[in-house]
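Everything on this sheet refers to the single structure shown next.
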Amino acid sequence: MGELVTEKHVQYILSVEKRKDDFISVAMEYLRMNGAYWGLTTLDLLGKLDAVDVDEVVSWIMKCQHESGGFGGNIGHDPHILYTLSAVQVLALFDKLNVLDIENVTNYIAGLQNEDGSFSGDEWGEVDTRFSYIAICCLSILHHLNKINVEKAVSYIVSCKNLDGGFGCTPGGESHAGQIFCCVGALAITGSLHHIDKDLLGWWLCERQVKAGGLNGRPEKLPDVCYSWWVLSSLIMIDRVHWISKEKLVKFILDCQDTENGGISDRPDDAVDVYHTYFGVAGLSLLEYPGLKAIDPAYALPVDVINRIFFGR
Amino acid sequence: MESDEVKLQRVPLSQRPEWSDVTPVPQDDGPSPVVPIAYKEEFVETMDYFRAVYLADERSARALRLTAEVIDLNAGNYTVWHFRRSILEALDADLNDELDFIENIARSNSKNYQIWHHRRWVAERLGTDSARKELEFTKNIFSIDAKHYHAWSHRQWVLLALGGWEDELGYCQQLLEEDIFNNSAWNQRFFVITKSPLLGGLEAMRESEVSYTVEAILTYPENESPWRYLRGLYKGDTQSWVNDPQVSSVCLKVLNATNNCMFALSTLLDLLCHGLQPSQEFNDAVDTLKPSGPDQPDSDLVKKVCSILEHIDPIRANYWKWRKSKLSSAT
C-alpha cells in the first residue's frame, strides 16, 4: 500500500491559497470561504496550520460579513448560510470566535428557519436539508441552538427519511450520502439519533463500498473520495463503521493522491482539487491513519477544536 | 467555455458605447495582474463591470444583459444570480424568456445549485401553467444524465407545487426500461405511487407494483434498487411482506439460479428474522450455495445464510458476522 504524502499536500494547499490569479481561482472566487475551510482544516489535520498568517485570514473573513450577520463567499458577495458556517468553522480553527458579534450571526441563521422547521439558504428561499445541518452545526458551535425551534427542525429532517433508512434533500428526495451526512449530523448534534434506524441505514451506507474499496453516494454510481467523508462520518455517528472494509478504503484514498504534486482527486488519476484533498485527508483521519489529528464526524472540525469550544472554558 | 467563433465576435465592454459612463471596479483583494490569454482578460473585465453595476445597485436592461454575460462565463457565481433576480423583479420582465435563458445555460452547467434554484424561482412566479415546460426541461436533462440529483429534486417540486402527474408513472417505466439500475427512477416511482392524487395510494397500488418489481428482480437479481423497492411497498406492514408468496418465491427463484444471490440471500435472511417458515425447497437451495470447506456446520437455515453471505460478500464480512451474532442473542 502507498502512503500519505503529507508534505506534498501541505505545499499544494499553500500554493492554492497563494494562487489568486489563475483562471480556476478567479472563477471560483465566489466560494473562497468554503475553499478556506477545506484548505485550512486539512492543514490543521496535517499539523501545519501555523504555516498560515492568522491575522490576514481573520481580517479577510470579517470583510465578508454583512450587516445582517451572514457571510458571503468572498468580499463583495451576498450572504448565504453556506459561507456563514465556513467562516465560523475557520474562526474556530484559529480560536478566534471571539471576534464575532454572536447575536448578529446567530440572528441571521435563526432568521432562516421556516414554519415547517426547514431552513433556507438565504433570503431567496432555497430549502435543503444541507441548510438544516449548517444551521444546527453553526448555532451549536456558537452555543445558541436555543435560538431556533429545534423540535421542528428535527421533525422536518425526519420527514426527509426514506424507506431505505437514508435521507434526501427534501421529503421524498432520493437518499444520497451527502444529504445523509447532513441529516445524521444534525440529529447527532441535537441529541436526536433515536429517530434513525441505525441497522437499516448502516447497511445502506456499507453497501456504498464497491469492490475496489472506494465509496459511492447512491446505488450504481461511481466511487468518489468525497464519499469517504459523507458515508464514513455517518457510519461513525451511528456507530456502524466496522461494517465497511477500512483497509480497502484507505487504499482507495491513497490511490487518489497526486504523489508528485500533492493534492487528492475524486478517483485515481483525475485532476486534484482542494475539496477532494480535504475529504480524502478527513476520511483518513476518521480511519485513524497514523500521523493525523482526530476529526469530529459531526462538526467536521478537529477534535481538539471541538473540545476547546465545548469544554475549554 | 465560449466557442472561438463567439470570442471573435465579442466586443470588450470598454469599447461599447452604452457602457461608456461606467467605471469598472476591480476585485477588492488587489488588482488582477495582466494575463496573456484573451479569455481571462474578458472574464476579469466582465466581472469588473458587473461589480460596478452591483455596487451602484443599477437594475436596468443593460445590467440584466451584463448578468447574462457573467453567468455565461461563470454560472456558479451566486451573487450574480441574486442580482439578476432583483433586476427581473424591478423590470417586471417576461419570465418566459427567462426559462429559455436558463435552458441555454443549463446545457453546459447543469450540475450547479444556482441554476436550479433560479429555475424554481421563475417557475413559482409563472405558476401552474409552467408545469408542462418544467417537466419537459427536466426530461431533457435526464436524457443526458438520468440520475441528475438536482433535476430530480426540481421535478418532484414541480409535481407537488404545479401538478402534471398524469404521465409520471409511465415516465418512470420508460426510464427503467432504458436502465433498470437507475435508483433515481425507482425512487421517483415510489414518490409517484405514494403522492400522486391520481393513483389510489400505496396499498391500492401494491399488488401491481409487486408484480412489476418481481419481474425487474428476475431480469437482474444483482440490482439493489428493486429489492429495496419491494420492501418499501410493505411500508408499515412487515407481516404482509413476510406472508406474500410473491416475495419468498422470487427469493427462491434467484437462489435456484445460483447466480447473483446476494440480495436474495439478504432478503431471505430478513424474512426468516421476521418469522418466515421456510419450506424444504429453501433449505435445498441454500445447501447448494454453501461454500465447500472446513467451516463449522450450521444446522440452522438462517445461520447458513449468514455464513454464505460472509463468504460471497467479503467486503461486508463484519456486517454479516454481526447479523449472525444477533441471531444467537435472539434465541
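The values are calculated or read from the model by the stated rules, or taken from the named source; none is laboratory data. Just so it is clear, the model here is predicted, and its values are computed rather than measured. Methodologically, a virtual Cβ is constructed for each residue, glycine included, from the backbone with ideal geometry; neighbour enumeration extends over all protein chains shown.
Annotations for the structure displayed:
- Test for A:VAL225: is it within 18 Å of A:LEU284 (Cβ to Cβ), in a helix (DSSP H, G or I) and of a type in the set (Val, Ile, Thr): no
- Flag if A:VAL58 is closer than 29 Å to B:GLN114 by Cα and without any contact (Cβ under 8 Å) to a residue 24 or more places away in the chain: no
- Scanning segment A:292-313 for residues that are touching a strand residue (DSSP E or B) at 6+ places or on another chain (Cβ under 8 Å) and in a helix (DSSP H, G or I) yields a count of 1.
For every residue, the table says whether it meets (1) of a type in the set (Lys, Arg); (2) in contact with a helix residue (DSSP H, G or I) (Cβ under 7 Å, 6 or more places away or on another chain).
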| residue | (1), (2) |
| --- | --- |
| A:TYR108 | no, yes |
| A:LEU142 | no, yes |
| A:LYS152 | yes, no |
| A:SER155 | no, no |
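- Search result, residues across segment A:208-225 that are of a type in the set (Lys, Arg) and more than 8 Å from chain B (Cβ to nearest Cβ): A:ARG208
- Conditions (1) more than 14 Å from chain B (Cβ to nearest Cβ); (2) farther than 22 Å from A:ASP296 by Cβ; (3) out of contact with any Lys or Arg (no Cβ under 6 Å at 6 or more places or on another chain): number failed by A:GLY117: (3)
- Residue within segment A:70-84 that is among the polar types (S, T, N, Q), farther than 22 Å from A:ILE309 by Cα and either within 12 Å of chain B (Cβ to nearest Cβ) or free of Cβ contacts under 8 Å to residues at least 24 places away in the same chain (or both) present: yes
- Candidates are the residues of segment A:230-256 that are among the charged types (D, E, K, R), within 14 Å of chain B (Cβ to nearest Cβ) and part of a helix (DSSP H, G or I); the one that is farthest from B:ILE315 (Cα to Cα) is A:LYS251.
- When segment A:102-123 is limited to residues that are under 19 Å from A:ASP78 (Cβ atoms) and among the acidic types (Asp, Glu), the one that is modelled with the lowest pLDDT turns out to be A:GLU123.
- Being among the aromatic types (Phe, Trp, Tyr) and buried (at least 20 other Cβ atoms within 10 Å of the Cβ) is a property that A:TRP60 lacks.
- Qualifying position, being of a type in the set (D, E, K, R) and under 22 Å from A:PHE310 (Cβ atoms), among A:ASP101, A:ASP55: A:ASP101
- Within segment A:16-50, the set of residues being surrounded by fewer than 17 Cβ atoms within 10 Å (Cβ to Cβ), modelled with pLDDT of 90 or more and in a helix (DSSP H, G or I) comprises just one member, A:ASP50.
- Of the residues making up segment B:154-196, those that are surrounded by fewer than 18 Cβ atoms within 10 Å (Cβ to Cβ), within 14 Å of chain A (Cβ to nearest Cβ), closer than 27 Å to B:GLY127 by Cβ and touching a residue at least 24 places away in the same chain (Cβ under 8 Å) are B:LEU160, B:ALA161, B:TRP165, B:LYS195, B:SER196.
- Among the candidates B:GLU58, B:GLU41, B:GLU136, B:GLU98, residue that is at pLDDT below 95 and either surrounded by fewer than 20 Cβ atoms within 10 Å (Cβ to Cβ) or more than 9 Å from every other protein chain (Cβ to nearest Cβ) (or both): B:GLU41
- One residue from A:ALA153, A:ALA212 being in a helix (DSSP H, G or I) and among the small types (Gly, Ala, Ser): A:ALA153
- Sole residue being hydroxyl-bearing (Ser, Thr, Tyr) and crowded, with 20+ Cβ neighbours inside 10 Å, chosen from A:SER175, A:SER159: A:SER175
- Pick from segment B:296-325, criterion loosely packed, with under 13 Cβ neighbours inside 10 Å and either among the basic types (Lys, Arg) or outside any helix (DSSP H, G or I) (or both), ranking: modelled with the highest pLDDT: B:SER299
- The number of residues in segment B:210-246 being crowded, with 22+ Cβ neighbours inside 10 Å and of a type in the set (Asp, Glu) comes to 0.
- Of the helices (runs of 4 or more DSSP H) lying entirely inside segment B:61-135, those carrying at least 3 residues that are farther than 23 Å from A:HIS77 by Cβ and without any contact (Cβ under 8 Å) to a residue 40 or more places away in the chain are B:95-109, B:113-126.
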